[in-house]
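The structure under discussion appears below in the form of structure tokens.
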Amino acid sequence: MEHDITLKQILYHLEEGGDRKAFFINETWYTYRELASLVAGIQKMIMADLGRTAHVGVFLSNDLHTYASILALWMSGKAFVPVNPQFPTARNRSIMDQMNLEIVLHSGGLEPDQLIPGCRSLDTGHLGLDTGLQPVLNTYDGVRDAYVLFTSGSTGKPKGVRISFFNLNAFLGDFMEYPAYSFSPEDRFLQIYDLSFDGSIPSWVVPLACGASVFTVPPGEIKYLAAYKLMQEHQLTFIKMPPSTLTFLRPYFPSIHLPAVKYCLLGGEALPGSLAREFESCIPNALIQNVYGPTEATVISLIYDWNREGNGRKEHLGTASVGKQLDSCKIMVLTDDNQAAEPGVRGELIIAGNQVSPGYWNNLELNQRAFIDREVDGKSSRFYRTGDMVMMDQEGDLMFLGRNDEQVQVRGYRVELGEIESLAREFLGGKNVMAAGIASEAADMQVFLAIESAPMDSGPLRKYLEMHLPPYMVPGKVKFIQKFPRLVSGKLDRRAIQEQLAE
């Protein structure tokens, strides 16, 4: 499979799309011709300035320039490293420093103190939408990184996941050829995700490869209401969102009617079967899917068609099945003694195949822990250990059973509780702390923090965490416990502490 086949499809639509609508951003339409011109203008700028630089930062905005910047980098064979200006400056500088970024692209308003020493910024905001240029797809090696996304790290420092062009194209090829899909230029896609989250890729890269339209949810808006407005007013046909976003719409389900929706993908966190069943009547003509995939295995690795006729509505302990793997992926379920689990036996999900990341950026120790070699059918394959516990049924569908470590999903983002604990412990001078993910009655996940201490003012700690963590990781509640309960072994009784946090 060619590593740039998807980019060739996008380039075709940039060249031939003309006045067809590509993006609807902040109540403004942008055509494929305008997008193509901007991509070409940025591409000319970066090729004149970047030389052999392989990784380039992009300060994210909800504007055409940001999307065009990513496309320009990809068509030039360079990796995109997202930098979210809504996240704390200290976190962003940590990412830039780890990547040793020399260049970042932005569309205006970037302050010098947001950069690390030696890193320069290129302002694309002055480029108009009619440069008179045409984008070019350069030849490059598919093993190059397409992007490096930084996720929460248990050491207190975010870790960079590398995804190559080969990985990205393997996913996009399988996804776009999934038997249940039939995309066309007439389709209208909802883009609700932050571009620093790989869940965004099906919502904007796929439609551009099909010549379709992308409708973005503006930052600062109440996401679920803005998304519903777009779905209703523009008759969107493809929607993808975390289940927790959908839970906020739950009170309005009786009055929601979206017959234009053809595909509804829910992923990034466990999907309650009850939520999927209730939402079915709102989208009577849609296929609802539960999609699963760690960043390390490129966006989506498994899909379950929830309401396809004859497929049933499988769930385990109230959680919808995550289904079967895409063709580019191989999966195994490992028992505690590292043996292949039989159907009906709980174990850790491991994933191999063309979608699996080359590894973490500059982190040999973590790579050795997270990626293992296993022999399957007489052939050795490199597997990623997901840390997710699953059980396979007799038909080969996987049931999600939770995590085997202290990682949770919050609003679709992966959160290492150890990162929050590390920062809190540092601020508190080494006091015992424990972070936990607590599900509300609406099924959305929140992070709470317990501190082994007499009650005190938690305001300074909260300010410190807000300076170093994105908003979704800042604990929603802080509870002081005079003495943490412990197990006979002396270890913290995390279950008992979590129960106190949930009270």
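The residue that is modelled with the lowest pLDDT, counting only those in the range 34-70 that are charged (D, E, K, R) and in contact with a strand residue (DSSP E or B) (Cβ under 9 Å, 6 or more places away or on another chain), is ASP49. If you go through the range 438-461 and keep only what is at pLDDT below 90, surrounded by fewer than 21 Cβ atoms within 10 Å (Cβ to Cβ) and touching a helix residue (DSSP H, G or I) at 6+ places or on another chain (Cβ under 7 Å), you end up with ILE438, ALA442, ALA443, ASP444. Residues in the range 1-37 that are surrounded by fewer than 22 Cβ atoms within 10 Å (Cβ to Cβ), within 15 Å of LEU71 (Cα to Cα) and among the aromatic types (Phe, Trp, Tyr): TYR12 alone. Restricted to the range 47-90, and to residues there that are among the hydroxyl-bearing types (Ser, Thr, Tyr) and within 20 Å of LEU14 (Cα to Cα), the residue that is surrounded by the most Cβ atoms within 10 Å (Cβ to Cβ) is SER69. Of the residues screened, SER121 is one that is farther than 19 Å from LEU149 by Cβ and outside any helix (DSSP H, G or I). Of everything in the range 106-115 that is surrounded by fewer than 17 Cβ atoms within 10 Å (Cβ to Cβ) and in a loop (DSSP other than H, G, I, E, B), the residue that is modelled with the highest pLDDT is GLY108.
Each row is one residue, and each column tells you yes or no for (1) of a type in the set (Phe, Trp, Tyr); (2) surrounded by 14 or more Cβ atoms within 10 Å (Cβ to Cβ); (3) not assigned by TED's automatic domain parsing to the domain that holds VAL39.
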position	(1), (2), (3)
ARG93	no, yes, no
ASN100	no, no, no
VAL104	no, yes, no
PRO117	no, no, no
SER121	no, yes, no
LEU133	no, yes, no
TYR147	yes, yes, yes
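When you look at SER164, is it over 19 Å from VAL291 (Cβ atoms) and touching a strand residue (DSSP E or B) at 6+ places or on another chain (Cβ under 9 Å), yes or no? Taking the combined requirement at face value, the residue satisfies it.
Considered as a group, the residues in the range 56-87 that are β-branched (Val, Ile, Thr) and in a helix (DSSP H, G or I) include one that is nearest to ILE5 (Cα to Cα), and that residue is ILE70. Scanning the range 282-312 for residues that are β-branched (Val, Ile, Thr) and under 15 Å from the mean Cα position of the chain (by Cα) yields VAL291, THR295, THR298, VAL299, ILE300. For the range 239-252, check the following and say yes or no: at least one residue is of a type outside the set (Asp, Glu), farther than 26 Å from ASP377 by Cα and over 24 Å from the mean Cα position of the chain (by Cα). Taking every residue of the range 239-252 in turn, at least one turns out to be of a type outside the set (Asp, Glu), farther than 26 Å from ASP377 by Cα and over 24 Å from the mean Cα position of the chain (by Cα).
Given PHE279, PHE171, PHE183, which one is of a type in the set (Phe, Trp, Tyr) and closer than 21 Å to GLY318 by Cα?
Details: PHE171 fails: closer than 21 Å to GLY318 by Cα; PHE183 fails: closer than 21 Å to GLY318 by Cα.
Unique residue meeting the criteria: PHE279.
Examine the range 480-499 for a residue that is surrounded by 16 or more Cβ atoms within 10 Å (Cβ to Cβ), among the aliphatic types (A, V, I, L, M), in a helix (DSSP H, G or I) and more than 28 Å from the chain's Cα centre (by Cα), and state whether such a residue exists. Yes: the range 480-499 contains one or more residues that are surrounded by 16 or more Cβ atoms within 10 Å (Cβ to Cβ), among the aliphatic types (A, V, I, L, M), in a helix (DSSP H, G or I) and more than 28 Å from the chain's Cα centre (by Cα).
Restricting the range 338-349 to residues that are outside any loop (DSSP other than H, G, I, E, B) and touching a residue at least 12 places away in the same chain (Cβ under 8 Å) leaves a set whose member that is farthest from the chain's Cα centre (by Cα) is GLY347. Out of curiosity, is TYR178 surrounded by fewer than 22 Cβ atoms within 10 Å (Cβ to Cβ) and either among the hydroxyl-bearing types (Ser, Thr, Tyr) or closer than 25 Å to LEU302 by Cβ (or both)? Yes; evaluated as a whole, the condition is true for this residue.
The values are calculated or read from the model by the stated rules, or taken from the named source; none is laboratory data. Everything numeric here is computed off the predicted structure, so don't read it as measured data. Every residue, glycine among them, receives a Cβ derived from its backbone with ideal geometry; neighbour counts consider all protein chains shown.
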